[in-house]
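Here the structure comes first, spelled out in structure tokens, and everything after it is commentary.
The values are calculated or read from the model by the stated rules, or taken from the named source; none is laboratory data. Note that the structure is a prediction, hence the values are computed from the model and not measured. Note that we place each Cβ from the backbone using ideal geometry, even for glycine, and neighbour counts take in every protein chain shown. These area figures cover heavy atoms from the full protein model, side chains too; ligands, DNA and RNA do not enter into them. Shrake-Rupley method; radii C 1.70, N 1.55, O 1.52, S 1.80 Å.
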Amino acid sequence: MEVSVKENEFVILSISEVSSSSSTSFSKSERVFARFGSDSGAPELRFGQESQSGADIVIDLRASQLFRLGSAESLCISEVFEDNKETGYSRGIFIQFKNEGESRAFHCAFEQWKTEMVVQGSPLPNGAVSTSTSKFDEKIEASSAKMYFHYYGQLLHQQNMLQDFVRTGTYYAAVIENRADFLGRVVVDVGAGSGILSLFAAQAGAKHVYAIEASEMAEYAKKLIAGNPSLNERITVIKGKVEEVELPVKADILISEPMGTLLVNERMLESYVIARDRFLVPNGKMFPAVGRIHMAPFSDEYLYMEIANKAIFWQQQSYFGVDLTPLQRSAYEGYFSQPVVDAFDPRLLVAPAISHVINFTSIKEEDLYEIEIPLKFACSVSTRIHGLACWFDVLFNGSTVPRWLTTAPGAPTTHWYQLRCVLSQPLYVMPGQEITGHFRLVAHKAQSYTIYLTLSATVGDMLQTSSGKLDLKEPYYRMSQPQAYSSAQEPNQLLQMQDVPTQSWVEDGSVPVQQPSPNHGAELHSL
């Protein structure tokens, strides 16, 4: 059932008061209406029948809550205060709807009027936000969430992502090339940001797009969408978290950009999965549908020495008369606890990569709380291994043209770059040497993960093992010299360039490995 934008009126199957001595009686032979309004200056809900206009039940929405008891049954609890009395009482009204669709639409209208949510200058007719504590609030620190939404509420950060032509161009191509998946379909944009993906979906012919955005960027998204009049009538911006928002209909497609550094940073993948469970129809499509984390050991003497030398400052025994050496070990460990984010040359890799697959269409949210990946590599050269290099890719599994977005080393650089976990104790290996270990990611409340990395190799009779604990929330953004594009940075040209190389990079999750020359370090860093 659709909400009437003019009157916001619903037809209810029946209502009855719970434990009330002055219960209002309605005829079962005549329809019962529920009408939202603000005639008294405050948002209110009025139940009644046309033949009994003086016997309406009026509820102040500001002091009311609505609870679902079943697919088509709800209970409305309202606080009532009588004149000249400081204390009040609770009034309960049982509401029976014709079907689940009417129940869902009613709940949307209830919350929109209660919170006075406005989209493009008018009361929101088809989306609402629950005011109860959500799962997001339970598992994420309030301070982290505040910083997170503040960051993404700024246009300069949205611009940084929009100007990542590989990212934005690949999303555009994935949507437009798979127009058949979007034509006439309901789409939900999870974490819509500026609304760019919603606009892409509307361009592809979506029937309606619900753009859900929790940060202040929702207001900018409304402006951007309103400025595109050929598309704005089919896009509704809803400010709120996907864990809290209610929608009047199910979605045929979810579209989102939930990837962070190492794919999982910021823990938005969990919200993407929650949106799937809450909004997506059975067998609905997700753009993207699959993510893969790729890992390979690397050798980089320059990077290792750069990190180790940062702690030299703490070796001073008389810094303005103060001995700093008691903190030297802690500083050394602290620098190695930072994952390195930069764009590196793939020739630094010393073994073919392995992959860990995350299927967004089937994974449970809880499975993302802790990710355990066993490691096993065959080294191709004699060298010192300094740690584990990681990158990711995602698949847009469109019906017409499946398309990959990759962040692999050697591919056109994205704003995600790549990530390297550097161990404080390198391993010595020989050609053909087997390297084993574990890569464990444990989610924490600061919207990120603690990384536990262990690598082992046996040389002769000697077992070498090196371990590290790193915080994905606190990376070292090195990014000294990103890989250059091989042609002009135009989205269409980049997409055409990517088609062939991307397939070769992600076909088996590996990247080409070249044996470095004796002076390979100098060669690489002179590029």
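Semi-axes of the equivalent ellipsoid for region 321-362, computed as √(5λ) from the eigenvalues of its C-alpha gyration tensor and ordered from largest down, come to 37, 17, 9 Å.
Once both labels are positioned 7 Å from their Cα atoms along Cα-to-Cβ, the gap between Met305 and Lys364 label points is 5.0 nm.
Report the equivalent ellipsoid semi-axes for region 199-255 in whole Å, largest first, defined as the square roots of five times the eigenvalues of the gyration tensor built from alpha carbon atoms. Each step should come with its number before you reach the end.
Numbers: eigenvalues 62, 49, 13 Å².
For region 199-255, the semi-axes come out at 18, 16, 8 Å.
Report, to two decimal places, the Cα Rg of region 284-361 normalised by 2.2 N^0.38 Å (N = number of residues). Please list the in-between numbers first.
Details: Rg = 19.8 Å, N = 78, 2.2 N^0.38 = 11.5 Å.
Dividing the Cα Rg of region 284-361 by 2.2 N^0.38 Å gives 1.72.
Converting phi to 3J(HN,Hα) with the Karplus coefficients 6.51, -1.76 and 1.60 and the offset θ = phi - 60°, region 253-259 yields 9, 9, 10, 6, 10, x, 7 Hz in sequence order, with x at every glycine or proline. Computed from the alpha carbon atoms alone, the convex hull of region 350-451 holds 145 Å³ per residue. Put simply, the amide H of Lys473, placed in the peptide plane, has neighbours under 5 Å in Tyr449, leaving out anything fewer than 5 places away on its chain. Measuring nothing but how far apart in sequence close Cα pairs (under 8 Å, 6+ apart) lie, relative to its length, region 389-459 scores a relative contact order of 24 percent.
Taking a sphere under 11 Å around the Cβ of Lys139 and counting the other residues whose Cβ falls inside, with K and R at +1 and D and E at -1, yields a net charge of -4.
Between Glu474 and Arg46, the simple spin-label model (points 7 angstrom out along Cα→Cβ) gives 5.9 nm.
In terms of solvent-accessible area of protein heavy atoms at a 1.4 angstrom probe, what is the ranking of Met161, Met147, Met462, highest value first? Kindly include the intermediate steps, with their values, before the conclusion.
Details: Met161 20, Met147 140, Met462 110 Å².
My answer, sorted largest first, is Met147, Met462, Met161.
Just so you know, the Rg over Rh for region 160-275 is 0.93, from Cα atoms, with Rh as the Kirkwood radius.
For Val245, the residues whose amide H sits under 5 Å from its own are Ser130, ignoring neighbours fewer than 5 places away on the same chain, with H placed 1.01 Å from N.
Can you work out the Karplus-derived ³J(HN,Hα) for every residue in region 281-289? Use 6.51 cos²θ - 1.76 cosθ + 1.60 with θ = phi - 60°, whole Hz, and x for glycine or proline. Per-residue couplings from phi come out as 5, x, 6, x, 9, 10, 10, x, 10 Hz.
Were the residues from Ala331 through Gln154 laid out at 0.36 nm apart, the gain over their Cα-Cα distance would be 60.4 nm.
Please compute the Kirkwood hydrodynamic radius over region 299-413, one decimal place, Å, based on all pairs of different Cα atoms. Numbers along the way, then the final one.
Working: mean 1/r = 0.0551 Å⁻¹.
Value: 18.2 Å, from the Cα pair sum.
The stretch between Ala226 and Gln464, if pulled fully straight at 0.36 nm per residue, gains 79.6 nm over its current Cα-Cα span.
Residues whose amide H comes within less than 5 Å of that of Ser14, counting only those at least five positions distant or on another chain, are Gln96 (H built at 1.01 Å from N in the peptide plane). Once all protein chains are placed together, Trp113 keeps about 40 Å² accessible to a 1.4 angstrom probe. With no solvent and one equal point scatterer placed on each C-alpha of region 199-341, evaluate the Debye formula and give log10 I(q)/I(0) for q = 0.10, 0.20 Å⁻¹, two decimals. The calculated log intensity ratios at q = 0.10, 0.20 Å⁻¹ are -0.59, -1.25. Using a simple spin-label model with pseudo-atoms 7 Å out from Cα toward Cβ, Gln425 and Glu9 lie 7.8 nm apart. Taking each residue as 0.36 nm, the span from Arg62 to Leu162 lengthens on full extension beyond its C-alpha to C-alpha distance by 32.0 nm.
What number results when the radius of gyration of region 232-300, computed over Cα atoms, is divided by 2.2 N^0.38 Å?
Details: Rg = 15.3 Å, N = 69, 2.2 N^0.38 = 11.0 Å.
Taking N as the residue count of region 232-300, the ratio is 1.39.
Whole-Hz Karplus values for region 364-370 come out as 7, 4, 5, 5, 8, 6, 8 Hz, taken residue by residue from phi with 6.51 cos²θ - 1.76 cosθ + 1.60 and θ = phi - 60°; glycine and proline positions read x. Of interest is the spacing of the C-alpha centroids, which for region 147-224 and region 373-446 amounts to 29 Å.
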